[in-house]
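Written out below as structure tokens is the structure these notes cover.
Nothing in this text is a laboratory measurement; each read-out follows from the coordinates by a stated rule. On a predicted model such as this, the values are computed, not experimentally measured, just so you know. Don't worry about glycine lacking a Cβ; one is built from the backbone with ideal geometry, like all the others, and counts go over all protein chains shown.
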Amino acid sequence: MAEEGYDVQPLFSEPIFRVDIGHAIGPEQVDYIKRLKMVQNQVNLISENLYIFDEPPLKSIKKAVEDALYTYAREVMGISQKLYVTQSWSLVNYPNVGMHGHSHSNSIVSGSLYYTDMPSPPSRMIFNRHTGYQQLELNPEKGRRNLYNTPMSVVTPKKGEVILFSSRLTHLVETNTAATPRYSVAFNTFIKGKLGDYRDVSELQL
């Protein structure tokens, strides 16, 4: 028999930050990214250049991403340090290609940019709440998943959108079941500024 009169409260939450930067993306930039030299990356394709935001034609996109990171650092993380883009790269998932589950090393916040038309259906991003091996799998029953017990969350990306998330989160991309390629740009970040405290001998300048 279910207990009555109980209370459930959220303890911690994992944010996904979404913002439309379509205003900063022009057709010339879309064409530029699509024409980047691509190489094999396990199952999908990845740009040979892994610092594409450093390319002058993508200056406005980089600025819009930096503005989003500024807001994320201040309003979501509540920190004074600056988040800046480290590596950035283009990805292409052709029909019948997805992306395996993974997380991003040596990064604090990672992001995905959907700079052009999405295929239909768009292939969703799936985030796993667990970051390590699970010896016991206690999955909730069908129809009883909620914020507290769901093992994964699903995000459907949109054209012009940047999605920011913690780099430690395991995530994957569904198999592209459309007849057209799925294009995206991914990037990692780190911080600049002071960490810790001088008197506590924990100060670190980055």
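Enter the Cα centre distance for the pair segment 95-153 and segment 54-81, rounded to the nearest angstrom.
What the calculation gives is 23 Å, centre to centre.
Using Cβ counts within 10 Å as a stand-in for footprinting exposure, how do 51, 72 rank, fewest first?
Listing 51, 72 from fewest to most nearby Cβ atoms yields 51, 72.
Which one of 85, 162, 30 has the biggest mean-square fluctuation once the chain is modelled by GNM with Cα springs under 10 Å?
Checking each option, the largest mean-square fluctuation is seen for 30.
Can you figure out the FRET efficiency of residue 48 with residue 147, using R₀ = 45 Å and their beta-carbon distance, to the nearest 0.05?
The value I calculate is 0.65.
Compute a Gaussian network model of the chain, connecting alpha carbons closer than 10 Å, and tell me which residue from 77, 125, 38 fluctuates the most.
Taking springs between Cα atoms under 10 Å, the residue moving most is 77.
Within the P(r) computed for the chain, what percentage of the Cα pairs occupies the region above 28 Å?
Details: 7428 of 21115 pairs.
Tail of the P(r) past 28 Å holds 35 percent of the pairs.
Hey, in the GNM for the chain with a 10 angstrom Cα cutoff, which one of 75, 48, 161 fluctuates hardest?
With Cα springs under 10 Å in the chain, the top fluctuation among 75, 48, 161 is at 75.
Divide by every residue of the chain the summed helix terms, -39500 (n - 2.57) for each DSSP H run of at least 4, and state the resulting mean residue ellipticity at 222 nm, rounded to the nearest 500 deg cm²/dmol.
Rounded to the nearest 500, it is -3000 deg cm²/dmol.
Report, to two decimal places, the Cα Rg of segment 30-91 normalised by 2.2 N^0.38 Å (N = number of residues). List each step's numbers first, then the result.
Numbers: Rg = 14.0 Å, N = 62, 2.2 N^0.38 = 10.6 Å.
Compactness ratio reported: 1.32.
For segment 72-128, what is the convex hull (Cα atoms) projected area averaged across all directions, in square nanometres? All intermediate terms of the calculation are to be shown ahead of the outcome.
Values: hull surface 22.3 nm².
Averaged projected hull area, Cα only: 5.6 nm².
As I understand it, the dipole of segment 39-195 uses +1 on the Cβ of Lys and Arg and -1 on the Cβ of Asp and Glu, about the Cα centre. Which of 113, 50, 97 lies farthest toward its positive end?
113
Over 28 Å between Cα atoms: which of 159/194; 34/158; 63/158; 59/82 fall into that group?
In this structure, 159/194 exceed 28 Å between Cα atoms.
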